[in-house]
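Engineer: Quick one: structure below, then a few questions.
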Amino acid sequence: MTQLGFSNPDCLRDLYMASEDDAPKYLPPDSIAIKFFGNGLPLSNGDKWRTHRKLATPAFNKALSPEIVGETVYEQFDFIQQHSSGHIDLFELMQRTTIEVFGKLAFGYQFGAKSGRRLVFPLLNKLPTEENRKFFKAIDEFDEFIYDIIMEKRNAIENKKGSENGRIDLVTSMIELSNREGISTDLKQLRDEMANFFVAGHDTTSMGLNTSFYFLAKYPEMQERARKEVIKILGNEPIIPTSEQLEKMKYLIAIIKESLRIYPPATLIIPRKLAKPLKIGSHVVPANVICSANLWQIHHNPKYWKNPKQYNPDRFLNGEKIHPFSWIPFSTGPRNWHVPLLINNSFNVPLSHQLISFKFCSIGQNFTLMEQKVILSMCLLKYKWTLPENSIHKEKLMLEPSFLLRPIDLKIVFTERNS
C-alpha cells in the first residue's frame, strides 16, 4: 500500500483541511494502538465522529476546572517537600500530577498512591515479548477500572445522586448529555473516549510540562522573567489562578507554545487514507494512498522558523511571521487536538481555511494549555528550580522514544523561594 509523508505546511493545509469523509484517519485494523484507543474521537470517522464530537465538546468544556488543577498542585507540593533533600525525578512528578488531575476531572476520582503508575506503550508491534504482555495486562486493568467507573456514574444518574462536592465530572457530563440528546453511547464507546482523553490530558501534558520545566531550569533568566509576570498577576504567594488571570500570562503561554514546538510530544500525526483523489500542494494524490505528517520536521523547518533549534519563547510574542500550519503539536483542521496558533495572511492562506481552522478550536487544546499554565504559574510562585551539577541534560534535553517522547532520567532541584 502506497504511503506518503509530508513536511510542507502548505501540503498539510490541503491534507488536513480536507473533509474527514475524503481523507479519513486510518490505522491498520490489527494495529496494536487500536487495542487501547478503540473507536474514540481521534480514530473514528464519518457520522460516528460527528455524533460523538457533539457530545464530547460541551461535556469536556463543562468539566474544565482550574480549581481541580490547583488543588492537585497543592498536593504535589507535599510530594516535593518529602523529597526536598535530593533531586526529584521530574517525569515522575509530572506523571503523578497530570494523572491525578485527569482522575478528578474525568471521573471525580482520586488516584492517590496509584498515580505513580504508568501505562507504557511498547513500540507498537505484536510480538509475544514480555513488554507486550505487560502492556496488554495493563490495558485489561485499565479497562476494568474504566468500566467500573462508568457503571457507577450511570447508576448514580439513574438514582438521581449528585456528586459529594457538587462538581460534574467528564463521564457524568457525557452520559447526561447523551441521555438528553437521545444519542446512544454504550459502555465500549464511553471507555474508548476516556482512553483517548487519558492520553491527551495526561501523557501529552506531562511531556509539555517536562520540556518547559527543563528549559526554565536551563535558562534562569527566562524563569525569573516568567515569575515576575506571574507575581504581577497573582501576587507573591501560591494561589490558584482564575481563567481570566491565566489569559493574562502572555510570556508563560509563549513558553508553553515554544516547548510544544521544539519537542512535540508526538512526532507523527495519525495517517489519513484518501477516499478519493486529492490535490495536495502541486500534485494530485490518488485514492487509497496513506498520507502522514512529520511534526518534528515541520516544527524545525528553517524555512518557517528562524533558528529552529534555539529555544526562544519570544518568537510567539515579537510578531514573527508564523505559517498557521507550521505549529501543529496535536494536528489541525476539523479533526484536530489543537487549533493553529496564528492566522497570518502573509502566507496566502485562504480565508475559508482560516475560518475553518478557528472554528474547530480543539477539545484538547483548552485542557492542556489551562493545566500547564496553572501548574507552571503556581510552581513559579512556590519554588525556584535548577538542573543538578551532574545532569546529563546540561547541553540538551535527552529523550527516548516510547509511544510518546519522554526524557531520560530528568532530575530537578527545587528550592522554596521563601526559605
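Only the coordinates and a few stated rules stand behind these numbers; no lab work does. Everything numeric here is computed off the predicted structure, so don't read it as measured data. Every residue, glycine among them, receives a Cβ derived from its backbone with ideal geometry; neighbour counts consider all protein chains shown.
Engineer: Going by average Cβ neighbours within 10 Å, how do the peptides 219-231, 99-111, 179-191 rank, with the highest at the top?
Structural biologist: Highest to lowest by the protection proxy: 99-111, 219-231, 179-191.
Engineer: Here is a further query. Taking amide H positions as placed in the peptide plane 1.01 Å from N, state which residues far from Y383 in sequence (5 or more) or on other chains have amide H under 5 Å from it.
Structural biologist: Sorted by chain and number, the residues that satisfy this are R417.
Engineer: So if R0 is 35 Å, what FRET efficiency would I392 and E158 give, r being the distance between their Cβ atoms, rounded to the nearest 0.05?
Structural biologist: It comes to 0.05.
Engineer: R0 = 56 Å: FRET efficiency of N301 with M151, Cβ-based, nearest 0.05?
Structural biologist: Result of the calculation: an efficiency of 0.70.
Engineer: FRET efficiency for E67 and D22, Cβ-Cβ distance as r, R0 = 41 Å, nearest 0.05?
Structural biologist: 0.45
Engineer: Which whole-Hz couplings ³J(HN,Hα) result when phi for each residue of segment 190-198 is put into the Karplus expression 6.51 cos²θ - 1.76 cosθ + 1.60, θ = phi - 60°, listed in order with x for Gly and Pro?
Structural biologist: Whole-Hz 3J(HN,Hα) from phi for segment 190-198: 4, 4, 5, 5, 5, 5, 5, 5, 4.
Engineer: Name the residues whose placed amide hydrogens come within less than 5 Å of the amide hydrogen of R406, ignoring near sequence neighbours (fewer than 5 apart) on the same chain.
Structural biologist: E400
Engineer: Calculate, in nm to one decimal, what L268 and K250 gain on full extension: separation in residues at 0.36 nm each, minus their alpha carbon distance.
Structural biologist: 3.7 nm
Engineer: How much length is gained on full extension from T2 to Q82, taking 0.36 nm per residue of separation minus their Cα-Cα distance?
Structural biologist: 23.4 nm is the gain from fully extending T2 to Q82.
Engineer: So what J values fall out for segment 316-326 if you push phi through Karplus, 6.51 cos²θ - 1.76 cosθ + 1.60 with θ = phi - 60°, rounded to Hz, Gly and Pro as x?
Structural biologist: Coupling constants for segment 316-326: 8, 10, 9, x, 4, 5, 10, 5, x, 10, 9 Hz.
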